[in-house]
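The values are calculated or read from the model by the stated rules, or taken from the named source; none is laboratory data. These numbers were taken from a predicted model, which means no experiment stands behind them. Positions of Cβ are backbone-derived with ideal geometry, glycine not excepted, and every protein chain shown enters the neighbour counts. Ligands, DNA and RNA are excluded from the accessible area calculation, which covers all protein heavy atoms including side chains. Shrake-Rupley method; radii C 1.70, N 1.55, O 1.52, S 1.80 Å.
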Amino acid sequence: LLREHGYEVAGGVLYFAASRERVPVNFDDALIEQTHAAITGLRALAQAALPPEPLTESPKCPRCSLVGICQPDEIAFLRHQSGELRPPYVADPHALPLHVQTPRAYLRKEGDCMVVEVEREKIMEARLADVSQVVVYGGGGMTTPLLHELLNRGIPVTWLSYGGWLMGHTVGAGHHNVEVRTDQYRASFDPEKCLALARGLVAAKIRNCRTLLRRNWRGSEPEVPPDLLLSLKEDSRHAERATSLATLLGVEGSAAARYFANFGRLLKADELGAFAFAERNRRPPRDPVNALLSFAYSMLTREWLVVLSAVGLDAYRGFYHQQRFARPALALDLMEPFRPLIADSVVITAINNGELGAADFVRAAGGCALTDRGRRAFIAAFERRMATEVIHPLFGYAASYRRLLEVQARLLIRWLAGEIPEYPNFTTR
Ligand code: SF4
């Protein structure tokens, strides 16, 4: 550039700040040619539809800010089923969801903080840097400056009815990488790809249900009846071999019937019999355990909605769940293996640890719902579960469930782009 403007430039100096070294560089023809080639290569890379191949076992990766998106070790492992996996160097984000469930709560921005007021009285404040998402129940609201700040920072806001029903989701202008969604839409019209993904999700869910029964059994027999475990194992195998989505739905239904017929035997009986569980029912749930299960599933759906919009996928275009207006089909698809591991597990823990009692529920119009206190206790139990670290069964490193959802969503993107042969489902032993 300087030469083009008439200057004579024979060389330059590279200065290394850390070691305070100066290295003279000669601008000869070979270096100029090499620089032009590098610039052309970078421009081609920036315009390509696919990102460049991740490096293999590079010492640069662990400290790279893109390692959580690029997943170099995971991709290499899934392609070759070998290689050493280094623990994810992107630490779990310290920011947490803020749940606002007080009726008539109003949120506003104050400097770098978010203030929650009820009838103009400040009841709490949180640093915006410590908030990963805002969840507003019932009639809460917020000021426009706060909403703008949240959108600028990429913090999503989820709006729920007072009973926890998902009403909507406010996010910024959307993810810029449209290739991710193009791959998703293309695959969603391919019946073979839909079936391949759905088979894996349902089989993984059944295996995780089986594990949950084994881990939490409190029935009259000392252990889970072997024929029940065997039947669920068979269900999982049938799911893997299903020849159509309709067959798969049937397999999933019979496995769910077996699982929920025994779910009550995982729960500690309380004196008032509040947590007796006979069957799964919903819309509305008619007893406390069903109220908790429904609430836990809606919280898990919300978590997946947040993750999917953060990675650039369309939560409303799924592969297994049929498209229906306002139904987050992809969130429902991907949460299948996590229903037992996160939602059902929180319900079991909250009941068996005595965090909830009969007084934490109200019954009206044939339905059953949590009281304010009960919901607060359950949300705390759910957040604890999301922060629990587990060992990834394939990759062998520890990560919280919240981080694992993102790992799985990014692996789905790689599978949709054809970069890995199969989508690896998450199952525990
Ligand atoms: S993690 Fe960073 S350094 Fe490693 S391959 Fe990906 S982009 Fe390159």
Response to the item:
Counted residues in region 1-38 being assigned to a helix (DSSP H, G or I) and among the small types (Gly, Ala, Ser) come to 3
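So which residues in region 192-240 are under 25 Å from His321 (Cβ atoms) and among the charged types (D, E, K, R)?
Within region 192-240, Glu192, Lys193, Arg199, Lys205, Arg207, Arg210, Lys233, Glu234, Asp235, Arg237, Glu240 qualify.
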Practice prompt. Only one of these is out of contact with any Phe, Trp or Tyr (no Cβ under 8 Å at 6 or more places or on another chain) and not basic (Lys, Arg): Phe338, Phe295, Phe319. Name it.
Written response: Phe319
Practice prompt. Considering only residues that are away from the ligand (no atom under 16 Å from the Cβ) and in a helix (DSSP H, G or I), look in region 39-65 and name the one that is nearest to Val311 (Cα to Cα).
Written response: Gln47
Discussion item. What pairs come out if I take residues in region 7-23 that are basic (Lys, Arg) and pair them with residues that are open to solvent by less than 60 Å² (accessible area, probe 1.4 Å) whose C-beta lies under 8 Å away, six or more apart or interchain?
Written reply: none
Fill in: Close pairs from region 103-122: first outside the structural domain of Gly139 (by TED's automatic domain parsing), partner open to solvent by less than 30 Å² (accessible area, probe 1.4 Å) and at pLDDT 90 or above, Cβ under 6 Å, at least 6 apart
none
Discussion item. Need the failing condition index for Gly68 against (1) more than 9 Å from the ligand (Cβ to nearest atom); (2) part of a helix (DSSP H, G or I); (3) touching an Asp or Glu at 6+ places or on another chain (Cβ under 9 Å), just the number.
Written reply: (1)
Discussion item. Quick check on Ala173: is it within 19 Å of Leu330 (Cβ to Cβ) and under 22 Å from the mean Cα position of the chain (by Cα)?
Written reply: no
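Considering each residue of region 185-218, count those that are of a type in the set (A, V, I, L, M, F, W, C), assigned to a helix (DSSP H, G or I) and more than 19 Å from Arg258 (Cα to Cα), and give that number. Quick ask: steps written out before the conclusion?
Kept after step one, since they are of a type in the set (A, V, I, L, M, F, W, C), are these residues of region 185-218: 187, 189, 194-198, 201-204, 206, 209, 212-213, 217.
Of the ones still in play, those that are also assigned to a helix (DSSP H, G or I) are 187, 194-198, 201-204, 206, 209, 212-213.
When the remaining residues are screened for being more than 19 Å from Arg258 (Cα to Cα), the result is 187, 194-198.
Of the residues in that region, 6 qualify.
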Response to the item:
Taking first residues from region 289-300 that are in contact (Cβ under 8 Å) with a residue 60 or more places away in the chain and second residues anywhere that are in a helix (DSSP H, G or I) and aromatic (Phe, Trp, Tyr), the pairs with Cβ under 6 Å that are 6 or more apart or on different chains are Met299/Phe382
Discussion item. Restricting to region 165-195, name every residue that is among the aromatic types (Phe, Trp, Tyr) and in contact (Cβ under 8 Å) with a residue 40 or more places away in the chain.
Written reply: Trp165, Tyr185
Response to the item:
Residue set Asp333, Asp344; condition out of contact with any Asp or Glu (no Cβ under 7 Å at 6 or more places or on another chain) and either farther than 14 Å from Ala409 by Cβ or assigned to a loop (DSSP other than H, G, I, E, B) (or both); output residue Asp344
Practice prompt. Might you let me know whether region 267-290 holds any residue that is at pLDDT 90 or above, within 25 Å of Asp333 (Cα to Cα) and in contact with a Pro (Cβ under 9 Å, 6 or more places away or on another chain)?
Written response: yes
